[in-house]
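Following: one structure in structure tokens, then a few remarks.
No lab work stands behind these numbers, since they all come straight from the coordinates. Keep in mind it's a predicted model, so treat the numbers as computed, not measured. Cβ: placed from backbone, ideal geometry, glycine included. Neighbour counts: every protein chain shown.
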């Protein structure tokens, strides 16, 4: 298990598929977490492995992706239902939750990555 600072943001794939949220394309566009090469290796991950991300706000299982440009201790997850499971739902009156700087932990898991439909049913 490693400690990380989680950031979320829009990606081209996420933006291109946002109108079709129950499709396989959208599922693939938002169901992963990018980790630095150091963190990816420290967790003993291989491409296609799954990780569980936990914060004080919740937890979610996603696929792990190595990003050689990401700094050690950072984790990126695309905006969407998976990111929403682990961010602070409070908006401090702005109507928009904080998608950056969330403290959490990441660990390798064999648990299933839920589909978008399954994830929404859990909420």
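General remarks:
- Spin-label pair residue 23-residue 1: with each label point 7 Å from Cα along the Cα-Cβ axis, the two points sit 3.8 nm from one another.
- Förster radius 35 Å - calculated FRET efficiency between residue 115 and residue 56, Cβ distance, rounded to 0.05: 0.85
- Taking 0.36 nm per residue of separation and subtracting the current Cα-Cα distance, fully stretching the chain between residue 71 and residue 105 would add 10.7 nm.
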